[in-house]
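Undergrad: Take a look at the following structure, please.
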Amino acid sequence: MAKKKAENENTKQLNIQPIGDRVLIERESAEEKTAGGIVLPDTAKDKPKRGKVISVGEGRILRDGTRAPFQVKVGDRVLFSAYAGEEFKIDDRELLLMREDDILAIIE
């Protein structure tokens, strides 16, 4: 099985391949200003609950031994629950590894 590689804007490649029904998501950046124009410090910013799908696993194994197809694909912008997944950083990129079930919606 060939490994899937994800590219970012700087053409650096991530060699992270989620397994099973897991999805790798890059969190969108937090808002710098409020609607009234007040600049927010890092400690006051809420982490966005939106991101872009970077890589997907092979799918959940069903009882009959086949794999369930993913409802999301690489490049989709998604909305997810606040405490979903495991958060980590690679090369100053905020990434989340979560189950597909934690994704609430695809943003079109």
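The values are calculated or read from the model by the stated rules, or taken from the named source; none is laboratory data. Everything numeric in this text was worked out from a predicted model, so none of it was measured. Surface areas here come from the heavy atoms of the whole protein model, side chains and all, with no ligands, DNA or RNA. Shrake-Rupley method; radii C 1.70, N 1.55, O 1.52, S 1.80 Å.
Undergrad: Checking the conditions here, which among E26, E87, E31, E94 is in a loop (DSSP other than H, G, I, E, B) and either modelled with pLDDT of 90 or more or of a type outside the set (A, V, I, L, M, F, W, C) (or both)?
TA: E31
Undergrad: Additional query: State which residue is farthest from L24 (Cα to Cα) when the search covers only region 54-81 and only residues that are open to solvent by 50 Å² or more (accessible area, probe 1.4 Å), in a loop (DSSP other than H, G, I, E, B) and of a type outside the set (K, R).
TA: Restricting attention to region 54-81, the residues satisfying the condition of being open to solvent by 50 Å² or more (accessible area, probe 1.4 Å) are 58, 60-67, 69, 71, 73-74, 77, 79.
From what is left, the residues that are in a loop (DSSP other than H, G, I, E, B) are 58, 60, 62-66, 69, 71, 73-74.
Now drop any that are not of a type outside the set (K, R), which leaves 58, 62, 64-66, 69, 71, 74.
Working: E58: 12, L62: 21, D64: 26, G65: 24, T66: 22, P69: 16, Q71: 14, V74: 9 Å.
The selected residue is D64.
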